[in-house]
1. Treating only the Cβ atoms of Lys and Arg (+1) and Asp and Glu (-1) as charged, compute the dipole magnitude of the stretch A:130-341 about its Cα centre; round to the nearest 20 debye.
2. How compact is chain B by the rule of thumb for globular proteins, expressed as Cα Rg over 2.2 N^0.38 Å?
3. In what sequence, highest mean first, do A:312-319, B:226-233, B:178-185, B:74-81 appear when ranked by Cβ atoms within 10 angstrom?
4. Excluding ligands, DNA and RNA, what is the accessible area buried between chains B and A, summed over both sides, using a 1.4 Å probe, to the nearest 100 Å²?
5. If you average 1/r over every pair of different alpha-carbon atoms in the stretch A:218-288 and take one over that average, what Kirkwood value in Å do you get?
6. Looking at the stretch A:130-341, what % of the alpha carbon pairs are farther apart than 23 Å?
7. Along the charge dipole of chain B, Cβ charges K/R +1 and D/E -1, which of B:His323, B:Val23, B:Leu212 sits furthest on the positive end?
8. Using only alpha carbon pairs under 8 Å that are at least six residues apart, calculate the relative contact order of the stretch A:130-341 and give it in whole percent.
Amino acid sequence: MFVSTRNETILNAESGPTQSAPTPGARRSAAAARASGWVDLSTVRWALGRIVFGFAAVIIVMSAVFFVTRSTSDPARKMLPLGSSQEQIDALNARLGLDDPLWMQYEHFLSDMFHLDFGRSIWEGRPALEVVVDRLPVTFTLVGLALLISIVVFVPLGVIASLRPGSLTDRLVTALSLAGLSAPQFWLGAMLVLVFAVELDWFPTSGSGSMIYAVLPAVTLAFTMGGRLAQVTRTSFLDQAGSPYVTMARAKGLSTFYILRRHVLRNALLPILTIASWDTARAITGHAVVVEVVFAWPGFGRLVIESVQRQDFPVIQACVFIGAVLIVVINVVTDVLNRIIEPRMESR
Amino acid sequence: MDETQSGEFAPTSVPRTEVLLQVDHLEVSFEQPAGRPAVRGVKDVSFSIAAGETLGLVGESGCGKTMSALAVMGLLPAGAAVTGGAIMWRGTAVDARQIRRLRGRSIAMIPQDAMTALNPLLSVQRQLTEVMKIHHGMGRAAARARAIELLELVRIDEPRRVAVQHPWQLSGGMAQRVVIAMALAAEPDLLVADEPTTALDVTVQSEILALLQMLQADLGLSLIMITHDLGVVAHLAHRTAVMYAGRIVETGPTKRLFHEPAHPYTRGLIASTPHPFRVEATKGIPGQAPLALLDDPACSFRSRCEKRTEVCETRPELKSYRHIDHEAACHHAG
Ligand SMILES: Nc1ncnc2c1ncn2[C@@H]1O[C@H](COP(=O)(O)OP(=O)(O)O)[C@@H](O)[C@H]1O
Ligand SMILES: [Mg+2]
């Protein structure tokens with residue numbers, strides 16, 4: 001591969017020097033370099049572009065939060081005891097800078113955001129960002145383990161189901177994944193606790209600490225995430241199985257397993273990856289909240305609910321910020337992975 | 001494609017010393033919703049091909065050429081199955097499992113659309129070498145060297161550059177050459193080419209046909225050339241089988257079949273094939289080929305046939321016509 005890349009460069013040099021615009025040869029060689037696994041300059045430029053775009057998205061989301069909260073609520077009144085006088089409210093507003101003109105507040109808000117300063121939690125008194133970041137390891141453990149289970153268990157199930165569409169195995173897998181997908185998480189969690197914690201006593205009923213606490217909540221979450229993933233995997237593999245290149249691979253006398261591993265897997269991976277990352281982003285940014293409540297896990301999702309209930313604006317803003325950043329990061333990682341798998345795909 | 005260009009019309013028959021593949025009364029059916037009778041796609045298809053011979057399989061689109069080829073390769077799609085007949089390889093009947101062992105070793109396929117037959121995400125080189133590595137236990141370096149050789153053999157310029165390219169970087173003609181190289185990688189005895197030039201433009205078509213003819217002669221391969229284009233068959237097939245509505249209606253040495261066509265359908269096909277040096281309008285066959293009427297007790301062609309009489313209400317068997325090797329299924333032949 002190294003040799004080939006060098007050849008491309010030589011070719012380039014031969015065809016290039018008289019023209020200033022990139023020649024077809026140069027474009028082809030860039031594509032070839034990308035295809036052969038070499039990260040060329042255009043990939044780096046593209047990735048940087050994605051990151052800049054991501055940050056812009058975070059700023060837009062945060063600005064929306066700023067204007068919506070400033071125009072629809074009166075935090076000082078909420079923070080003071082009921083029956084406080086207008087003077088007291090005005091004094092607090094002045095102290096919090098809430099009586100400044102809106103554009104000035106916005107400027108402060110943006111500048112604070114760039115310094116990762118979201119103020120202190122009204123409820124806990126600690127820096128809001130710290131409150132949020134403290135909750136992340138718990139959620140990352142839960143979602144990470146659920147994702148791992150989905151990939152190790154449900155993706156292979158989807159592949160197996162796709163091998164013989166309509167067979168008993170296929171119908172069992174489809175039934176299982178649809179059940180997992182549509183069963184309410186609180187019910188599923190309660191059932192798992194009943195069987196594996198109460199009856200069999202294999203796992204603790206709730207709480208957090210060591211990894212053993214993570215198993216039941218992660219399995220609960222994995223049924224939802226994995227159910228969808230198994231379905232997407234099945235469909236994607238079936239799609240590929242009908243394509244001419246698979247018939248050609250079979251005509252070459254290759255075994256089914258080899259064809260799946262070397263030919264179909266990579267082609268089928270794009271939709272699977274997309275759904276997996278979408279589900280992961282969703283779970284991290286709050287969709288795992290039911291599981292967190294059922295198993296008393298002090299995660300990110302629960303913090304979002306709690307801080308909204310408490311009208312803890314600094315924490316809400318920090319939650320939205322962290323959520324937006326996480327979604328951007330997951331999207332960029334997914335795009336990079338997609339591009340590695342599918343070199344033809346240009347930025348979306 | 002024409003007599004003037006090659007100087008000779010159809011290659012002369014090769015001595016049929018060793019029969020490689022023989023297909024006897026092959027029947028392919030499609031699964032039908034419960035209650036309805038099985039629709040048959042192909043019935044009573046028999047042909048044989050000797051070592052070093054090219055057999056042309058011609059017929060209108062939908063007549064069952066691809067299904068016959070896929071049945072021989074054991075590659076019928078889901079819902080289709082071989083429901084009758086026998087396939088014999090070098091004189092012994094082979095079942096599905098044995099056919100699987102022949103694939104990619106003794107029998108190779110060149111599909112209709114080369115571009116989609118290549119895996120879009122793997123380099124040309126990887127798709128070329130996997131067969132060598134798996135079937136012949138070749139090492140990386142040896143397989144790569146052989147891949148370059150094969151690309152040269154199929155007349156690709158700059159084989160080293162093309163080897164590291166991906167299918168989407170190839171033109172249609174190049175992709176077809178790569179697929180031919182892929183088929184040759186297995187060092188097969190028999191190549192099954194299913195309309196290998198249909199997806200290409202005319203100039204590239206004749207290049208690919210010339211290449212196939214050259215390879216067939218130089219490597220002593222047997223070739224089943226499937227096409228709807230009689231011109232292609234006239235140019236390179238030693239023997240020709242004409243299919244109509246799922247059955248073979250005429251078969252014989254290409255020269256005989258063209259000079260003395262016995263079946264009205266074959267005559268119609270010949271008349272409707274455009275000739276590059278004849279300007280007069282070609283005559284088509286009126287009407288449409290019937291589909292899935294295989295259980296019809298009458299001759300399938302009768303509705304479009306000028307010679308139709310009462311006898312056509314019974315199905316004609318394939319029988320010799322003027323020559324032991326030339327057979328036609330028509331009551332009015334000979
Ligand atoms: N899954 C299927 N179910 C029913 N009929 C089919 C199916 N696939 C193909 N056929 C029919 O089988 C016949 C033969 O098709 P094919 O071998 O592809 O024709 P050709 O290659 O000669 O154009 C056609 O009439 C087609 O309509
Ligand atoms: Mg066909």
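1. 1040 debye
2. On the way: Rg = 20.3 Å, N = 334, 2.2 N^0.38 = 20.0 Å.
Here the answer is 1.02, to two decimals.
3. On the way: A:312-319: 24.8, B:226-233: 22.5, B:178-185: 26.2, B:74-81: 15.9.
Output ranking for A:312-319, B:226-233, B:178-185, B:74-81: B:178-185, A:312-319, B:226-233, B:74-81.
4. On the way: alone 15870 and 19560 Å², together 32760 Å².
That pair of chains buries around 2700 Å² in total.
5. On the way: mean 1/r = 0.0746 Å⁻¹.
Result for the stretch A:218-288 stands at 13.4 Å.
6. Working: 11682 of 22366 pairs.
Of all Cα-Cα distances in the stretch A:130-341, 52 percent exceed 23 Å.
7. B:Val23
8. Working: 247 pairs, mean separation 60.0, N = 212.
Relative contact order of the stretch A:130-341: 28 percent.
The values are calculated or read from the model by the stated rules, or taken from the named source; none is laboratory data. Model, not experiment: these values are computed from the prediction. Cβ: placed from backbone, ideal geometry, glycine included. Neighbour counts: every protein chain shown. All accessible areas refer to the heavy atoms of the entire protein, side chains included, with ligands and DNA or RNA removed. Shrake-Rupley method; radii C 1.70, N 1.55, O 1.52, S 1.80 Å.
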